[in-house]
Amino acid sequence: MRVENILFGAAYYDEYMPYDRIEEDFKLMKDGGFNVIRIAESTWSTWEPEEGVFDFTHLHRMLDAAAKYDLKVIIGTPTYAIPAWLYKKHPDILAVGKKGPELYGHRQLNDLTNPHYLKYAERIIRKLMEEVKEHPQVIGYQLDNETRSAGAASPETQALFVRKMKEKYPDIEAFNHEFGLDYWSNRIGSWEDFPDIRGTINGSLSAAYKRFLRDVITEFLAWQADIVREYKKDNQFITHNFDYSWTTHSFGIQPEVNQFDAARCMDVAGVDIYHPTQDKLTGVEIAFGGAVGRSLKKGNYLVLETEAQGQTDWLAYPGQLRLQAYSHLASGANSVMYWHWHSIHNSFESYWKGILSHDLLPNATYKELSAWRKEMLPFEAKLRNLKKTCGVAILVDNASLTGLDEFPTNLSNPLEYNRILRRIYDSLYEMNIECDLLSVNDSFDGFSFLIVPALYSASEETLLKIKSYIENGGHALITFKTGFSDEELKIYHDAQPHMLTECIGAAYDQFTNPSDVTISIDGKSYSVENWMELLRPADCEILASYEHKYWKEYAALTCKKYGRGNVCYLGCFMEKDGFKALFKKLLPPSGVTLPSYAFPLIRKSGTNEEGNLIQYFFNYSSEPVRLHYTGKQAVNLLTGETISPDENKQLAPWDLIIAEETDK
């Protein structure tokens, strides 16, 4: 989605304020260069305090103030947290999980298939849309909020799942065979005998139910989009704020949502990115989150939430908020929006602090963000709608993530899918190799190098697609645990990896958890962690074998020319420096250029609307770093100074250069 102005704003909640200060807040926003607010997604109980009684006073106060101060507005549908009266009338709306019905109070606990929920959700969406559809400040709509299915497993929801299974497997014997239900006497004689899914010990069946719940979210968001489209204008967009898996911050792909599928009903993808700061600020979460965002719709995306002050240990050092904001734009974002404008004085997120602190006065955070907007405004047109082209792509897959959860590599220390994905992504990031993410349904064409990490659940169609990419001239790295099982996690019964043994020129039938094992790449040893496959080479080059008393006869890393392409297979998980050494060896032959600088000096690039190359150079450290500039003659947009080829520049701590090439 193309924008005329980069959206800079925050979520605003008039209904949460301890006293009436909407004029003061909106004036502060306008004075600070903010141009958009996001409202309405959290307050169903405010809009409908009693059944059928609607009060949009706060909504119109915010819209009127936005008009007065010329702030654009994104409206969120308020369906992710239901009012107490609705729960009292229909307690079955809350999901029934493994421990029974959820208790009222938290958000995102609704059963998205419940007809009572859908009835009242549709009514509040339509009432809200009637209130806002003609307002000139409204530029777009956000569907729900970081949607979840809450593990819904009521009898009614499970009946829907059984119906889906029956449609996919009309022959119940085929169903029993595919899922291996003879094991422990789990065979089902008729669909009416289908047991409660919450008790299953069958990982395939459990994964199929989780896939069903992901599909429920896809259908739910598409259902909301259809309603909103009945009201929205052609120049208004539909989005959603997708989030990520969570450690102490945004981490990997979201396991509960197939975001590639869910994004199809939207005009632009939106994301919520939260990350460490202070000495732990590396920019990698911003980059990974951005790669997800732009990959969902193959273009620019919106950052609908990121942190201002956030959690206690996220209070940014001076200069970091500026660095972070530019980092989002450098990944292809067309907005930087914060959760939230003000720190909340009550309830669950009182200490997830906003731009303003609890005293609601302009502070260092507000001043730095305002200064960033003022600095960026003169050359905003050169940064918006940045077109990014990456030569490297990583294939990501929810089904394989679930597969490794259901069948962990090690019960005491499981190697989770997102850990594998992030080890690979982070290695590339620190080497300044930007990459896109692909789903199994995407085209692989146009990428010089394809990385296939732990594609545990792989259809034969997908495996053929990977082989075809390589055979037709592509370069690929395929890792351990790829091609091990089919779409239902039924383990393939031939040599592993299934359908790829000819392609990679090797096979294996044994694997283990390593202890004191290393491999050598170009003369340097790297530790092997968590998982190793004992590869038997047949028709390939051995790039590395295991350095171990008993496993040394087995290959760890192989390479083979296949068709017009080249493929390497890595049979183990290893330390980050090992992946860096591997990419240093594999990427240049595919035509991917390796920059001479590495983290903490990070480069991101893209082409602006004038057709000029924009290069961002970030210093993610508390020490100065030196940049040896190797591009064409450029202008530093931040200073107006010319940068010449082979010129050395020094970047101060947490600082950056934005170079626009001027020499065509």
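The values are calculated or read from the model by the stated rules, or taken from the named source; none is laboratory data. Small disclaimer: the values here were computed from a predicted structure and weren't measured. All Cβ positions, even for glycine, are placed from backbone atoms using ideal geometry, and neighbour counts span all protein chains on display.
Numbers below:
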{"item": "Residue check for H345: touching a residue at least 40 places away in the same chain (Cβ under 8 Å), out of contact with any strand residue (DSSP E or B) (no Cβ under 9 Å at 6 or more places or on another chain) and not in a strand (DSSP E or B)", "result": "yes"}
{"item": "Pick from region 358-390, criterion small (G, A, S) and either touching a Phe, Trp or Tyr at 6+ places or on another chain (Cβ under 6 Å) or surrounded by fewer than 17 Cβ atoms within 10 Å (Cβ to Cβ) (or both), ranking: farthest from Y274 (Cα to Cα)", "result": "A381"}
{"item": "Count of residues meeting criterion [polar (S, T, N, Q) and either more than 22 Å from L281 (Cβ to Cβ) or without any contact (Cβ under 8 Å) to a residue 12 or more places away in the chain (or both)] in region 650-664", "result": "1"}
{"item": "Evaluation of D313 against (1) part of a loop (DSSP other than H, G, I, E, B); (2) free of Cβ contacts under 8 Å to residues at least 40 places away in the same chain (one fails), failing number", "result": "(1)"}
{"item": "From the options K552, K561, K576, residue that is under 25 Å from the mean Cα position of the chain (by Cα), surrounded by fewer than 16 Cβ atoms within 10 Å (Cβ to Cβ) and assigned by TED's automatic domain parsing to the domain that holds K467", "result": "K576"}
{"item": "Condition broken by C568, with the remaining ones in (1) without any contact (Cβ under 8 Å) to a residue 60 or more places away in the chain; (2) crowded, with 19+ Cβ neighbours inside 10 Å; (3) in contact with a Cys (Cβ under 6 Å, 6 or more places away or on another chain) satisfied", "result": "(1)"}
{"item": "Qualifying positions in region 584-638 - in contact with a strand residue (DSSP E or B) (Cβ under 6 Å, 6 or more places away or on another chain), among the β-branched types (V, I, T) and either surrounded by 18 or more Cβ atoms within 10 Å (Cβ to Cβ) or farther than 25 Å from E285 by Cβ (or both)", "result": "V592, I602, I614, V625, V635"}
{"item": "Options R107, R123: the member that is at pLDDT below 95 and farther than 24 Å from K490 by Cβ", "result": "R107"}
{"item": "Counted residues, region 404-438 - those being out of contact with any helix residue (DSSP H, G or I) (no Cβ under 6 Å at 6 or more places or on another chain) and more than 16 Å from V284 (Cβ to Cβ)", "result": "11"}
{"item": "Candidate set from region 174-205 (those that are over 36 Å from the mean Cα position of the chain (by Cα) and in a loop (DSSP other than H, G, I, E, B)); member that is surrounded by the most Cβ atoms within 10 Å (Cβ to Cβ)", "result": "I188"}
{"item": "D215 being assigned to a helix (DSSP H, G or I) and closer than 22 Å to E102 by Cα", "result": "yes"}
{"item": "Residue under evaluation F583, criteria (1) within 15 Å of I451 (Cβ to Cβ); (2) assigned to a strand (DSSP E or B), criterion not met", "result": "(2)"}
{"item": "Qualifying residue in region 105-125 (condition: in contact with a strand residue (DSSP E or B) (Cβ under 7 Å, 6 or more places away or on another chain) and exposed (fewer than 14 other Cβ atoms within 10 Å of the Cβ))", "result": "no"}
{"item": "Residues of region 129-173 satisfying the condition of being among the small types (G, A, S), crowded, with 17+ Cβ neighbours inside 10 Å and closer than 27 Å to G97 by Cβ", "result": "S149, A150, G151, A152, A153, S154"}
{"item": "The listed residue being farther than 23 Å from D243 by Cβ and either touching a strand residue (DSSP E or B) at 6+ places or on another chain (Cβ under 6 Å) or in contact (Cβ under 8 Å) with a residue 12 or more places away in the chain (or both), out of E130, E192", "result": "E130"}
{"item": "Qualifying position, being in contact (Cβ under 8 Å) with a residue 12 or more places away in the chain and either within 19 Å of N145 (Cα to Cα) or in the same structural domain as G606 (by TED's automatic domain parsing) (or both), among R264, R373", "result": "R264"}
{"item": "Residue within region 487-500 that is within 25 Å of the chain's Cα centre (by Cα), surrounded by 23 or more Cβ atoms within 10 Å (Cβ to Cβ) and at pLDDT 95 or above present", "result": "yes"}
{"item": "Hey, V292 buried (at least 22 other Cβ atoms within 10 Å of the Cβ) and either hydroxyl-bearing (S, T, Y) or not in a helix (DSSP H, G or I) (or both) or not", "result": "no"}
{"item": "Filtered residue count, region 371-399, keeping only those that are touching a Lys or Arg at 6+ places or on another chain (Cβ under 8 Å) and within 30 Å of F484 (Cβ to Cβ)", "result": "2"}
{"item": "Residue within region 460-474 that is in contact (Cβ under 8 Å) with a residue 12 or more places away in the chain, touching a helix residue (DSSP H, G or I) at 6+ places or on another chain (Cβ under 6 Å) and surrounded by fewer than 23 Cβ atoms within 10 Å (Cβ to Cβ) present", "result": "yes"}
{"item": "Scope region 36-79; condition part of a helix (DSSP H, G or I) and either within 28 Å of the chain's Cα centre (by Cα) or over 11 Å from Q137 (Cβ atoms) (or both); matching residues", "result": "W44, S45, T46, W47, T57, H58, L59, H60, R61"}
